[in-house]
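Before any comments, here is the structure.
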Amino acid sequence: TYKAIIENIGDTNPATIIMSAICIVILYIVKVQVNTRFKKHLKIPIPVELVVVVIGTLASHYGHFHDTYGMKTVGKVPAGLPLPKIPSFRDATDNFSEAIIVAVVAFAQSVSLAALMAKKHHYRIDSNQEFIAYGVSNIFGSFFSCYPAAASVSRSSVQESAGGKTQLTSVFSAALVLVVILVIGPLFEDLPNCVLSSIIVVALRSMFMQLFQLRKLFHVSAYDFVIWIVTFVSVVVFYVDIGLWVGIGFSFVTVVVRTQVAKARILKKIDPVNAFADESKYIKTRGFSGIRIVGFNAPLYFANGDLFLRQVYTLSDTKPERVRKQIKRLGSISEFRRQSSLKSLESISSFRSARSDTSTRSSNPGSSLEENGFLPTSNDLAPMGRPIDTSMADCGYVHHIILDCSSMCFIDTVGGKILKQLCDDYKSIHVTVLLACICDQAWSVLEKTKFVEKYGDVTYMTVEDAVTAARLASPAEEPENIHM
């Protein structure tokens with residue numbers, strides 16, 4: 001198509017260009033500048049499309065545009081309706097695959113257009129009801145040799161821009177088309193095709209205006225922006241059916257990519273609402289000594305299992321392989337725990353010294369956090385210009401790791417094995433892994449992979465329950481730390 005356009009652009013009919021330009025200008029001025037601007041003052045919008053069609057037909061008929069300028073016109077319109085007959089299934093097997101493609105593309109395009117109109121005019125659609133409607137329409141139309149029924153972007157845009165709001169508009173449109181077919185059809189033989197094309201181009205203006213929303217879309221979601229661009233280019237370069245398939249396939253690829261870049265987060269308690277969230281997102285959070293709460297904002301499956309393991313190891317600051325080497329070097333787990341506690345106490349002692357040096361400049365020096373029985377976090381030192389390692393905030397070695405599984409909408413068999421490996425690795429260094437907020441689908445997979453059979457006693461309904469269990473089972477209850 002594009003090759004033919006480029007090769008034959010020199011043979012363009014000047015009369016067609018001039019008439020198209022005139023129609024487009026008239027349609028734009030009346031629709032955008034008059035009907036839109038003075039909508040409140042007009043009882044009904046000016047039916048400029050009908051006016052242009054009538055004037056164009058009369059001008060073409062009396063000016064002999066077809067014979068004089070070689071302008072293409074609608075031509076003979078056969079009158080009457082075809083008689084109903086049972087459709088032939090002779091070529092059904094040969095056209096089965098094509099019929100499936102036509103059905104999928106027609107439904108996808110129709111529902112997409114319906115969703116676009118629903119968003120624009122603030123109403124809801126039922127995709128199942130749409131599916132039934134198209135199915136019934138195609139069954140009925142097959143007895144009259146009709147084309148497959150589907151929504152038309154151009155016709156829907158023309159109808160919407162003309163002021164149509166309810167299904168009654170379609171009833172009038174169908175009745176008018178029926179009258180044209182039966183009675184008025186021959187009167188439109190001299191209607192230039194370029195007039196109809198101009199109506200469609202202006203009606204699609206709102207579609208083209210979406211290009212100016214791309215910048216906003218990019219700032220909202222880079223993934224949606226790329227999907228839009230890929231689908232748009234595919235439809236323009238190839239065609240609607242291939243473009244839709246490319247767009248659908250690419251959107252699935254982006255889902256996989258999003259899970260590949262998913263990030264785990266250290267969660268801490270927000271006391272006022274009794275919830276657990278990322279401490280960097282909230283003003284007041286409270287952690288628990290020796291307990292790490294890790295949240296993962298993606299499903300756990302074969303594509304991101306290794307990523308999940310690495311992030312948990314990093315965030316917990318307790319890598320099993322490294323800890324095992326330290327235990328082997330120190331001789332026992334108790335010695336490793338003692339050394340870890342000593343390092344934490346040194347960090348806290350350094351923090352207290354810094355507090356003591358600056359207490360005279362504080363408006364309320366008696367309100368330091370440690371006096372309330374809590375330990376400081378690295379964020380407490382940030383205003384003083386002395387950031388320290390975040391592991392100091394948790395005072396001592398890690399003895400429990402809690403996984404918040406509420407964002408894991410599903411777990412596959414590989415994900416189940418990953419959780420097994422995680423529990424086994426930490427068990428080897430005397431660190432207990434607890435799971436909380438497991439959804440039903442993920443629980444079913446964990447049951448079938450025998451994870452529940454082996455580690456069923458480490459699963460809890462809520463993160464709060466898991467924290468309570470971890471604190472009760474901790475080797476020695478230690479003070480909490482708080483960040484405000």
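The values are calculated or read from the model by the stated rules, or taken from the named source; none is laboratory data. Note that the structure is predicted; figures quoted are calculated from it, not measured. No Cβ is skipped: glycine too gets one built from the backbone with ideal geometry, and neighbour counts run over all protein chains shown. Please note that ligands, DNA and RNA were not included when accessible areas were found on the heavy atoms of the full protein model with its side chains. Shrake-Rupley method; radii C 1.70, N 1.55, O 1.52, S 1.80 Å.
For segment 40-150, what class follows from the C-alpha gyration tensor (a ≥ b ≥ c being the square roots of its eigenvalues): rounded when a/c is under 1.5, otherwise prolate if a/b is larger than b/c, else oblate?
Because a/c hits 1.5 or more and a/b fails to exceed b/c, segment 40-150 counts as oblate.
Can you pull out the trypsin sites (Lys or Arg not before Pro) in segment 236-278 that DSSP calls coil and that have at most 14 other Cβ atoms within 10 Å? It would help to have the intermediate numbers written out before the result.
Numbers: sites: Arg258, Lys263, Arg265, Lys268, Lys269; in loops: Lys263.
For trypsin sites (Lys or Arg not before Pro) across segment 236-278 that sit outside H, G, I, E and B with at most 14 neighbouring Cβ atoms in 10 Å, the list reads Lys263.
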*asked:* Among Ile9, Ser197, Ile24, whose Cα projects farthest towards the positive end of the dipole of the chain, with charges put on the beta-carbon of Lys, Arg (+1) and Asp, Glu (-1)?
replied: Ile24
*Where the eigenvalues come from the Cα gyration tensor of segment 198-241, what are the semi-axes √(5λ) of the equivalent ellipsoid, largest first, in whole Å?*
21, 16, 5
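First check a/c for segment 130-186, with a ≥ b ≥ c the square roots of the eigenvalues of its C-alpha gyration tensor; if it is under 1.5, answer rounded, and if not, answer prolate when a/b is larger than b/c or oblate otherwise.
Working: a/c = 1.98, a/b = 1.10, b/c = 1.80.
Oblate, because a/c is 1.5 or more while a/b does not exceed b/c.
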*Whole-Hz ³J(HN,Hα) from phi, Karplus 6.51 cos²θ - 1.76 cosθ + 1.60, for segment 234-239, glycine and proline x*: 5, 5, 5, 6, 9, 4
_Could you tell me how far the Cα centroid of segment 110-173 sits from the Cα centroid of segment 281-309, in Å?_
46 Å
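Using Cα pairs under 8 angstrom and six or more residues apart, how large is the relative contact order of the chain, in percent? Could the numbers behind the result be given before it?
On the way: 539 pairs, mean separation 67.3, N = 484.
Taking the mean separation of contacting Cα pairs over the length of the chain, I get 14 percent.
Over every pair of different alpha-carbon atoms in the chain, take the mean of 1/r and invert it; report that Kirkwood radius in Å.
Numbers: mean 1/r = 0.0339 Å⁻¹.
By the Kirkwood definition, the hydrodynamic radius is 29.5 Å.
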*If you rank Leu191, Leu196 by how much accessible surface each has, with a 1.4 Å probe, what is the order from largest down?*
Leu196, Leu191
_Is there a quick way to get the dipole size of segment 165-264? I mean about its Cα centre, with the Cβ of Lys and Arg at +1 and of Asp and Glu at -1; what is the value in debye to the nearest 20?_
640 debye
_Per 0.36 nm of contour for each residue apart, how much would the distance between Val237 and Leu204 grow if the chain were fully extended, relative to their Cα-Cα spacing?_
10.0 nm
*Rounded, prolate or oblate: pick one for segment 81-200, where a ≥ b ≥ c are the square roots of the eigenvalues of its C-alpha gyration tensor, a/c under 1.5 means rounded, and failing that, prolate if a/b is larger than b/c, else oblate.*
oblate
*Please list, in chain and number order, the residues 5+ apart from Leu435 or on another chain whose amide H is under 5 Å from its amide H, with Hs placed from the backbone.*
Leu403, Thr459, Tyr460
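With each run of n ≥ 4 DSSP H residues scored as -39500 (n - 2.57), what mean residue ellipticity at 222 nm is computed for the chain after dividing by its residue count and rounding to the nearest 500 deg cm²/dmol?
Numbers: 21 runs with 258 residues, N = 484.
Taking each H run of at least 4 residues, the total per residue is -16500 deg cm²/dmol.
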*Filter the cross-link list Lys40/Lys119; Lys281/Lys427; Lys325/Lys450; Lys281/Lys454; Lys268/Lys450; Lys216/Lys263 down to pairs whose alpha-carbon distance in this structure exceeds 27 Å.*
Lys281/Lys427; Lys325/Lys450; Lys281/Lys454; Lys268/Lys450
